[in-house]
Amino acid sequence: MAFAALLPAAQARWIRLFNGKDLSGWTVKTGDAKFYVDHGCIVGEAVSLSDTNSVLATTNDYGNFILELDFKADHQLFSGVHIRGQFATNVVNWTWDVRPQTIPAGRAYGYLVLIDPSPNHRWWTASLYDQRWWSGGIYDEARRMWLYPGMEGGDPDAFSRQGIKIFHTNAWNHLRIVAAGDSIKTYLNGVPCAQIHDSMDARGFIGLQVRDWISDDDPDTLPGAKVRFKNIWLKPVVVKPRDLLPDVPGVKF
């Protein structure tokens, strides 16, 4: 299948999604976490263990774009960035691999670029259980789980080894996400991380997430844990078919 080149949309400019002062243009979709502005940052603060992830979402939807932002997360707190995010106003029934699936009402779902700041976050697909640094990985929230590393490619242990080298612990990190047609690519601190071809969602909100659970070694320290976001910019792009061939597995992008 021919891939798609992304070009700046006609007259497109970078859109500042966060004005640095208040949460204009954003709304809480779900969850109990606190979202507020402090020193030019959007702060997501966990308040307790919960059955629902907390998501602060843009009031506008976006389809093809380049998204850039900086984040800093307390080490015990899972977080992430929804792209083309969806929200279940009512129960969503769907089928995957011939099996019926259900997404509960009130749940945010869809593509999530994970922020995974702790070496003690464990996942069964990796043998390096105590060395899982999967920031920049792509997860399908409330549906198919891990896409990269996972069903769309990527070696879990290699992803962990790279994450150890490029993630800035207790410091600011830069995330770049390019979504164009069925292609989604992520970069952490300038290093290519994940790439998938998937067409389940073409458009949706940008969301900042505070997950409802934490690393295995910090079961009692979730309340007050924070993730901070700043410099959130988005540039719409247009997709021009048949300009590029598909990505080649194993080739740096």
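Could you give the length gained by full extension between residue 233 and residue 170, i.e. 0.36 nm per residue of separation minus their alpha carbon distance, to one decimal place?
Working: separation 63, 0.36 × 63 = 22.68 nm, distance 2.24 nm.
Taking 0.36 nm per residue and subtracting the Cα distance, the gain is 20.4 nm.
Cross-link partners among lysines for residue 165, C-alpha distance below 30 Å, same-chain residues fewer than 8 apart left out?
72, 185, 226, 230, 235, 252
Residue 97 to residue 182: FRET efficiency via 1/(1 + (r/R0)^6), r the Cβ-Cβ distance, R0 22 Å, to the nearest 0.05? Each step should come with its number before you reach the end.
On the way: r = 19 Å, r/R0 = 0.86.
With R0 = 22 Å, the Cβ-Cβ based efficiency is 0.70.
Computed FRET efficiency, Cβ-Cβ of residue 32 and residue 59, R0 25 Å: what is it to the nearest 0.05? Before the final figure, lay out the partial values.
Working: r = 21 Å, r/R0 = 0.82.
The computed FRET efficiency comes out at 0.75.
Can you compute log10 of I(q)/I(0) for the range 12-116 with the Debye formula, treating each Cα as one identical point scatterer, at q = 0.12, 0.14, 0.24 Å⁻¹?
So the normalised log intensities work out to -0.48, -0.65, -1.61.
Bear in mind these aren't lab numbers, they're just calculated from the coordinates by the rules spelled out. All of these numbers come straight from a predicted model, not from anything done at the bench. Counting neighbours? That spans all protein chains shown, and the Cβs are built from the backbone with ideal geometry, glycine included.
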